[in-house]
C-alpha cells in the first residue's frame with residue numbers, strides 16, 4: 001500500500017515534534033509501539049474526513065474501514081489524489097445509515113474503534129447511544145480532551161466538555177472514573193485530578209462545590225479508584241503551585257493537576273476553547289465509556305491533533321497486556 005513521502009512511523013513522530021511544545025510525543029510513542037487498530041470511519045464524504053483517515057493509516061495507527069456512500073467516497077478520493085486500493089469500503093445510502101453501520105461493525109467485533117467523518121457529532125452519538133443497537137455499557141459515556149498547553153509542563157485532560165450537558169453527581173462519578181481509567185492506560189499510575197469550581201471551599205450556595213466534596217469522599221470509600229482526587233479547587237490553584245501556596249492549600253493535587261473535571265459542559269467547553277485560542281493549546285479528543293473508543297475529529301483539526309486523537313483510541317482499544325508503560 002503506497003504511503004506519502006515522509007510518512008510512516010517516523011513521520012508521525014516528526015509531525016508531533018514540529019509543534020513547539022510537543023506534549024503529545026509520549027502519547028504517540030505509546031501508540032506506535034502497539035499494533036494498528038481497525039477503525040470504522042463513519043461517512044468520510046469530504047476531503048478533511050477522508051484525509052484524516054488516510055493520514056492515520058499512513059502513520060500506522062489505524063486500518064480504516066470507510067463506511068458511507070461508496071460513490072461519494074470515491075469522488076472525494078479522486079479529488080484529493082488518494083488511492084483506495086486495499087481499503088475496505090462499506091457502502092451505505094446516507095450518513096444516518098453510515099453511523100448505524102459503523103456501530104454495528106463495532107458491536108460485531110469487526111472494528112476496534114469508530115471515527116467521526118463528515119456527519120454531525122450528534123448524528124454519530126445518537127447511533128452510539130441507542131439503547132437497543134448502540135454501544136452503551138454500565139458506565140456513562142463521556143468525552144475527554146487531552147490538551148497540549150504550551151506553558152503547562154505536562155498533558156492536561158479536560159472532561160467533560162462535549163457530551164454531558166449538566167451531569168448530576170452519579171454522572172460525574174462515571175465521568176471521573178472514565179478519565180482516571182484513560183490516564184491509567186496512558187501510563188499514569190495515579191493521575192492527579194482536580195474537581196473544578198469557582199472557589200476552593202465548600203459553599204452550600206454553589207452546587208458544584210458540594211458535588212466535588214462528595215466525589216472526594218467516594219474516592220475515600222473506594223467507589224472511584226485509580227487516581228488522587230481533590231476538590232473543590234478553583235482553576236488557578238488547580239494548575240499553579242504558587243496560587244495554591246498563596247491561598248494556603250495543602251494538597252497533592254493543587255498546582256499539579258493532570259486532569260480537570262469541570263462542573264458542566266458550558267464551563268468545560270469555554271475552558272478548552274480559551275486554552276486553544278488564547279494559549280495556543282492543542283486538543284485531542286475521544287469519547288469514553290462505550291464498548292469501543294469513539295474518535296471525534298473536527299474539520300479545523302491539524303494533522304498532529306488528528307494523529308493524537310487516533311493515538312488515544314489505539315491505546316484505549318489495545319489489550320492491557322500489550323500497552324507500553
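The values are calculated or read from the model by the stated rules, or taken from the named source; none is laboratory data. Bear in mind the structure is a predicted one, so any value in this text is a computation, not a measurement. Note that each Cβ is placed from the backbone with ideal geometry, even for glycine, and that neighbours are counted across all protein chains shown.
So here's what we get for this one:
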item: Qualifying positions in segment 236-264 - in a loop (DSSP other than H, G, I, E, B) and touching a residue at least 60 places away in the same chain (Cβ under 8 Å); result: 252, 253, 254, 256, 257, 258, 262, 263, 264
item: Hits in segment 152-163 - residues which are touching a strand residue (DSSP E or B) at 6+ places or on another chain (Cβ under 9 Å) and outside any strand (DSSP E or B); result: 155, 160, 161, 162, 163
item: Residue check, residue 173 free of Cβ contacts under 8 Å to residues at least 60 places away in the same chain and within 25 Å of residue 283 (Cβ to Cβ); result: yes
item: Among the residues listed as 275, 307, the single one being crowded, with 18+ Cβ neighbours inside 10 Å and outside the structural domain of residue 105 (by TED's automatic domain parsing); result: 275
item: Members of segment 218-240 found to be farther than 16 Å from residue 208 by Cβ and either touching a strand residue (DSSP E or B) at 6+ places or on another chain (Cβ under 8 Å) or modelled with pLDDT under 95 (or both), listed by number; result: 219, 227, 228, 239
item: Residue that is surrounded by the fewest Cβ atoms within 10 Å (Cβ to Cβ) [pool: residues in segment 25-46 that are part of a helix (DSSP H, G or I) and in contact with a helix residue (DSSP H, G or I) (Cβ under 8 Å, 6 or more places away or on another chain)]; result: 29
item: All positions within segment 89-105 that are surrounded by fewer than 24 Cβ atoms within 10 Å (Cβ to Cβ) and part of a helix (DSSP H, G or I); result: 95, 96, 97, 100, 101, 104, 105
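Matching residues to (1) surrounded by fewer than 18 Cβ atoms within 10 Å (Cβ to Cβ); (2) touching a helix residue (DSSP H, G or I) at 6+ places or on another chain (Cβ under 6 Å); (3) not in a helix (DSSP H, G or I):
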residue	(1), (2), (3)
150	yes, no, yes
165	yes, yes, yes
174	no, no, no
179	no, no, no
189	yes, no, yes
203	yes, yes, yes
210	yes, no, no
231	no, yes, yes
